[in-house]
Amino acid sequence: MMPENGLDTLAAFDEIYLGAVGWPTVPDHVSLWGLLLPTRRTFDQYVNLRPARLLRGVKSPLANPNDLDITVVRENTEGEYSDSGGRVYRGTPHEIAVQESIFTRRGVERIIRYAFEEAKARRGLLVGATKSNGISVTMPFFDEIFREISSDYPEVEASLMHADALAARLVLDPRSFDVVVGSNLFGDLLSEVTAAIAGAIGIAPSANLNPEGTYPSLFEPIHGSAPDIAGEGLANPAGAIWAGAMMLDHAGYPDAGTRVLNALEDTLASGTKTRDLGGTATTDEMTDVVVQRLGGA
Ligand code: IPM
Ligand code: MN
């Protein structure tokens, strides 16, 4: 999946821009554990920041989306995504599969603290995604740390919500959310909901951040490689373009980031959009319009 010295090569760069990866003949756990997941971990990209906002020209599937603007802060290096576990008695009726979730105090504290900072810089509202009613060890631990840290942020209105109810409320009342923080798996699931209600999975970007800047951060669309439509010009370039805008912001070029996002939004608002958004443009056509709006070739 990656040259043996791939991570060493990447380490020399400030930022990494990643396309979606995956193909049916390569098992997913090979493509992911051979490239994306080790990159997130080796470079300690413990924040996965996933903004969802209804861009101009994009229609939400919800009847009443009300200017939804939600950022999911997903833990990105531990939790349910662990390769700790195994299978015994393979192929027998007694076969057992065990996979352990890993929640460390350091890991939980740093993601929750990041989310509080994010909420403080935004509308001051934070919801922690838990499931401490059913998952009786790691989730009460998560809740405990969430409450501890909340006392450092009196200006943030913070609450915990079970992830199942939270998923429903995202659909029913998206305007009541500002920042949502969740474990690796919950953040993954909930950010796909926020992407969908903000118009389409194809629009949503993500930033895999190493906030300390010790290692490069990585920017990618949240969607997968969509092999079923490969080469047909149907893929929505918006998620990748928005991820590029986030990368420019992070690299210290916020004006350039804003220009890219504005060019994307103006393009969508003018009606040039791919079919998943109800338009007729191909991937290339839509991308060309964005580039033209940027004043490029
Ligand atoms: C994502 C993706 C990955 C994840 C998969 C492909 C392992 O779904 O970035 O959201 O779950 O982290
Ligand atoms: Mn995902």
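The values are calculated or read from the model by the stated rules, or taken from the named source; none is laboratory data. Computed from a predicted model, the values in this text were never measured in an experiment. Counting neighbours? That spans all protein chains shown, and the Cβs are built from the backbone with ideal geometry, glycine included. Side chains included, ligands, DNA and RNA excluded: accessible areas come from the protein's heavy atoms. Shrake-Rupley method; radii C 1.70, N 1.55, O 1.52, S 1.80 Å.
Computed quantities for the displayed model
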read-out: Most mobile of Asn236, Asn48, Asn64 in a GNM of the chain (Cα contacts under 10 Å); value: Asn64
read-out: Solvent-accessible heavy-atom area per residue, rounded to whole Å², over the chain at 1.4 Å; value: 48
read-out: 222 nm mean residue ellipticity, helices alone, for the chain (DSSP H n ≥ 4; -39,500 (n - 2.57); rounded to 500); value: -11000 deg cm²/dmol
read-out: Normalised alpha carbon radius of gyration of the range 122-177 [divisor 2.2 N^0.38 Å]; value: 1.18
read-out: Reach of Lys120 by Cα under 12 Å, taken over aspartates and glutamates that are not fewer than 8 positions away in the same chain; value: Asp152, Glu155, Glu157, Asp178
read-out: Kirkwood-based Rg to Rh ratio, the chain, C-alpha trace; value: 0.97
read-out: Solvent-accessible area, 1.4 Å probe, carbon plus sulfur percent, for the range 1-64; value: 59
read-out: Expected-Rg normalisation [2.2 N^0.38 Å, Cα atoms] applied to the range 1-88; value: 1.43
read-out: Under the Debye formula (equal points on every Cα, no solvent term), log10 I(q)/I(0) of the range 77-124 at q = 0.28 Å⁻¹; value: -0.94
read-out: Stokes-Einstein D (µm²/s) once Rh is taken as the Kirkwood radius of the range 28-157 over alpha-carbon pairs, at 37 °C in 0.692 mPa s; value: 188
read-out: Other-chain or far-sequence residues with amide H under 5 Å of Val72's (modelled H); value: Arg50, Ala52, Val180
read-out: Ratio Rg/Rh [Cα only; Rh per Kirkwood] for the range 210-297; value: 1.02
read-out: Residues of type lysines that Lys273 reaches as a straight line, Cα spacing below 27 Å, ignoring anything fewer than 8 places off in the same chain; value: Lys59
read-out: Cβ-based net charge around Asn64, under 11 Å, with every Lys or Arg adding one and every Asp or Glu removing one; value: -1
read-out: Counting DSSP beta bridges with both ends in the chain, the antiparallel % (nearest 5); value: 55
read-out: For the range 23-73, convex hull of alpha carbons as volume per residue, Å³; value: 132
read-out: Rg/Rh for the range 112-242, where both radii come from Cα atoms and Rh is the Kirkwood radius; value: 1.01
